[in-house]
1. Using 5 Å bins from zero, what percent of all Cα-Cα pairs in the range 163-306 falls into each bin?
2. Tell me the accessible surface of residue 317 in square angstrom (1.4 angstrom probe, heavy atoms of protein chains only), to the nearest ten.
3. For 209, 252, write out the residues from largest to smallest accessible area, computed with a 1.4 angstrom probe and no ligands counted.
4. By how many nm would the segment from residue 26 to residue 101 lengthen if fully extended, with 0.36 nm per residue of separation less the alpha-carbon distance?
5. Which value, in debye to the nearest 20, describes the size of the charge dipole of the chain about its Cα centre when Lys and Arg Cβ atoms bear +1, Asp and Glu Cβ atoms bear -1, and nothing else is charged?
6. Which three extents, in whole angstrom, do the alpha-carbon atoms of the range 57-170 cover along their principal axes, largest first?
7. Based on a Kirkwood Rh over C-alpha pairs, give the Stokes-Einstein translational diffusion coefficient of the range 33-94 at 20 °C and viscosity 1.002 mPa s in µm²/s.
8. Put +1 on the Cβ of each Lys and Arg and -1 on the Cβ of each Asp and Glu in the chain; which of 320, 92, 65 then has its Cα farthest toward the positive end of the dipole?
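The values are calculated or read from the model by the stated rules, or taken from the named source; none is laboratory data. Computed from a predicted model, the values in this text were never measured in an experiment. Every residue, glycine as well, gets a Cβ built from its backbone with ideal geometry; the counts of neighbours run over all protein chains shown. All accessible areas refer to the heavy atoms of the entire protein, side chains included, with ligands and DNA or RNA removed. Shrake-Rupley method; radii C 1.70, N 1.55, O 1.52, S 1.80 Å.
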Amino acid sequence: MAAVTFEEDAMASSTRAESRSAGTGRITFYVALAVFAQESTWNFYDNRVPELLRDHVASVAVIGLLMGMDNLLGIFIQPYMGNRSDNTRTAWGRRIPYLAVMMPLGAALFLLIPHATSTAWLILVIFLYALVMNSFKPVSESLMPDFIEPARRSRANAVVKIASALTTIVAALVSLLLVDDHPKLAFAVPSGLMLVAAAVLVWRVRDSRSPAYRAALAEDEASAATGPRDTRAKIRLRTVVGDLVFDPDRRRLLLIVAVFVFGGAWFASRSLMTPYGVEVLGLSDGEAGGLTLPSGIAFILAAFPAALLAERFGRLRVMAAGVTVFGTGALLGAVVQTPAVTVVALCLAAAGAAGFVINAVVVLWNLAPSSRVLGAYTGLYTVGWAGGGFAGPALVGLAVDVTGWRLMLLHIAVLAVVAVLLVVRVDRLRRAAVAGEGDR
């Protein structure tokens, strides 16, 4: 009889594990769908809106400023909205209510962009679109750590990043098939994808059932038992940031600085590659613009292995190794300046970048002091990444002004070295913290 009981217990345990795995797969699919839909609109936005602006604005500098507006908004809006969703309590949970409203609104605003006939209306519509899209981006991405246990977040994030990377292909296909003959209808395809994603999320996901949401409710009740009578006392963003900045444990802050530095290196390697190809490699504008295409495929191929390696050897080690590979690729391109070697160097760099990009936000989520601040930490990751995207190309561009285009990849490699040192420092602090816990 004991043997039967043991067998039944083993079967029940196996069933629970399979159920958890299936649940993990479903929520990963839903988050990937949401990110795929929203990034499809962003990529098409980056492809088409500059051309629409050229019909109204003569200055390239002004066009560049307007196109960079979304990144600047993201630095301020995403941490706020992530924190706001952290503090929301409804029967649907804390994320889905925002997505149910903002995803359709973002789709509608995106659909209006090609119909804006005056400069003022076009700028207003793209500002509102950027505002809404930045508002729900940290909300949708925070669904993943809400549902998925820390040990499996890297592989889930890899799937999400692959979905995001594939949107460049979608944007290219929509441009190829529709833009010339149906320029306004082309905007309807990404809008439709986002509406479908919103409907699926609202229909299938209730984040009130997520482990992180239930843990947040338990923390609310525990706080109420020992503190204020309000069981839903809010954790303000300035409290989250203050804890991050002034905590003697510097791991979280140093990690965000590492994200900022590596983000600068990554965006510089993408945004400055076309003029580099023209000035140094002697390519035409079109040929230089295609230098980064194979590296996009390399990133997609490396994403899931980077997650599996992180689970086996540790996320911070894989991040450090990935940035090292990225820097090695940049150095290779700096030493051998031919088109073929540059493509190989960019593929190597992109594969290395996957090791960092897939795991960095997961490390930050896992260092969060409470499940009540996961959304805020998603937004703070964006501050580092978008801030690097804003500052990195400018810093490398300034170095190019001083030393010339031929050393551009060397300057990017220097940023990679700084990022590696920061990640290694975070890993040493982690090991010291683990050793300290063991001593106790």
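1. Taking every Cα pair in the range 163-306, the percentages come to 2, 7, 8, 10, 11, 14, 14, 12, 9, 7, 4, 2, 1, 0.
2. Using a 1.4 Å probe on the heavy atoms, I get roughly 130 Å².
3. Numbers: 209 160, 252 15 Å².
Result, largest first: 209, 252.
4. Stretched fully, the residue 26-residue 101 segment lengthens by 24.8 nm.
5. Values: 38 positive and 31 negative charges, 206 e Å.
Here the size comes out at about 980 debye.
6. Taking max minus min along each principal axis of the Cα atoms, the range 57-170 gives 51, 31, 24 Å.
7. Values: Rh = 14.1 Å.
The estimated diffusion coefficient comes to 152 µm²/s.
8. 92
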